[in-house]
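The values are calculated or read from the model by the stated rules, or taken from the named source; none is laboratory data. From a predicted model like this one, the values you see are computed outputs, not experimental measurements. Cβ sites come from the backbone with ideal geometry, for glycine too, and all protein chains shown count toward neighbours.
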Amino acid sequence: MKDDLREILTSGLAAADPREAVLRSVRLEECSISVGGRTFEAGNVAVVAAGKAAGAMAGAAVEVLGDRISGGLIVTKDDHDPGPEGLETVFASHPEPDERGVEAARKVQGLAESLGEDGLLLALISGGASALLADPAPPIELADLKKLTSDLLRSGAEIGEINTVRKHVSVLKGGGLARLAHPAPTIALLLSDVVGDEPSSIASGLTAPDPTTLEGTRRVLERYEIEPPESIATHLQGAEETPASDDPIFENVVNFICGGGWHAADAAAKRAEDLGYTPLLLTTTLTGDVLGAVSMYAAIVKEVLASGNPAPPPCAIVSGGEATVTVRGSGAGGPNQEFALALAVELDGIEGWAAFAADTDGNDGSTYAAGGIVDGRTAQRIRDADVDTEGALAGNDSYAALEAGGALLVTGPTGTNVNDLRVALVSAL
């Protein structure tokens, strides 16, 4: 079953290929560009590609638009695709911002402000762009932004809540990039890494109207008992609201979802069916603490094995979305590794199943592993390596435990980023 799982993961990742996502979304017709039913004059096109898939998306844009592109900037994570020649590439840090991200944000701001009425901004946005474009609103310092980001990531806050805060301490986020480019029109192709594919949530809504508010930002910080640095607290007291949907700057802005988690989950389910498993695509919008998802998966696996419900084996249980981890210890790992370890513990000793959980960008948390791949014998293999599985879970040290049990799932950077993908296969005993 583990070989089947690897084939299923490969199919899911291929369906979220960023190059194909751009190629199927953009049309060049004589002197105009068409995206999502909207058409714009293709004159002076400037490209801003930001995120873990920025290089591939920019390459596809060059394939389609050619010399219509006058220049632009690619901002991506270290060791990722740098994109085509002719566009400047800046590598920056993720998930916590660094000075390179600050400089990249300044360059993006300058490019957007220079467009004028005859220009057109083509924004190619993928997961990771929010952190890679480190754009603290003056007078916030990078060190304060990094502390706030770290506190939010460790708090267990959902990505939508994290982005609510980011929008209100930033220059480009929360519609800021579109505002800077105005009156030039903006076409944004969004490779979604957020549940629900809401443009205002993808990369903190660089080009989208912002439905969140300063008051909502304060509530997030209070809910997770986060005390912001003084410069951020001062900024939030006097900041203006981000532009909402009735702002005229959005009249010539189109935000188009060119790919997302649904594509990956659907392709995974279809590949499982091809391999002989009845697919159960539960949801592509799973959020919340990862341990809740583990309990759900464990219950379904047990039910399938006991009664053949909700489908007889062999079957595949598939879900997408973005679960979170509440950090309790100082170990290494991420939500997908914690899912895999916790599922291995909960189904310890039970035969007839195997599962993976993977971050589709290839990096789960701050580790080089995409996630974990486990079965009913994984927990015992970890214990045989003298690692306490329960202790590893309590200390958020899933990486070390899975490594000890030979259960890490390593893909390397995948070039895409469309949330997490989880698949459990159940076979007849």
Members of region 260-288 that are in a loop (DSSP other than H, G, I, E, B), buried (at least 18 other Cβ atoms within 10 Å of the Cβ) and at pLDDT below 95:
GLY260, THR287
May I ask you to say which residue of GLY43, GLY36, GLY12 is of a type in the set (Gly, Ala, Ser) and surrounded by 20 or more Cβ atoms within 10 Å (Cβ to Cβ)?
GLY12
Somewhere in region 297-304, is a residue modelled with pLDDT under 95, outside any loop (DSSP other than H, G, I, E, B) and of a type in the set (Asp, Glu)?
no
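Give the residue that is farthest from ALA15 (Cα to Cα), with candidates limited to residues of region 184-229 that are polar (S, T, N, Q) and part of a loop (DSSP other than H, G, I, E, B). Steps first, please.
Narrowing region 184-229 to residues polar (S, T, N, Q): 186, 192, 200-201, 204, 207, 212-213, 217.
Within this subset, residues satisfying the condition of being part of a loop (DSSP other than H, G, I, E, B) are 192, 200-201, 207, 212-213.
On the way: SER192: 13, SER200: 23, SER201: 22, THR207: 25, THR212: 31, THR213: 35 Å.
Out of the qualifying residues, it is THR213.
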Candidates ALA311, ALA344 - the one that is buried (at least 24 other Cβ atoms within 10 Å of the Cβ) and either of a type in the set (A, V, I, L, M) or closer than 25 Å to VAL195 by Cβ (or both)
ALA344
From the residues in region 373-422 that are touching a strand residue (DSSP E or B) at 6+ places or on another chain (Cβ under 7 Å) and farther than 30 Å from ALA203 by Cβ, which one is surrounded by the fewest Cβ atoms within 10 Å (Cβ to Cβ)?
GLY376
Need the failing condition index for ALA293 against (1) part of a loop (DSSP other than H, G, I, E, B); (2) of a type in the set (A, V, I, L, M); (3) outside the structural domain of SER170 (by TED's automatic domain parsing), just the number.
(1)
Tally of residues being closer than 22 Å to ALA54 by Cα and among the polar types (S, T, N, Q) across region 150-183:
2
Scanning region 166-211 for residues that are β-branched (Val, Ile, Thr) and either modelled with pLDDT of 95 or more or under 19 Å from VAL108 (Cα atoms) (or both) gives VAL169, VAL171, THR186, ILE187, ILE202, THR207
Mind checking which residues of region 133-151 are crowded, with 23+ Cβ neighbours inside 10 Å and either within 17 Å of the chain's Cα centre (by Cα) or under 30 Å from VAL35 (Cβ atoms) (or both)?
LEU133, ALA134, ASP135
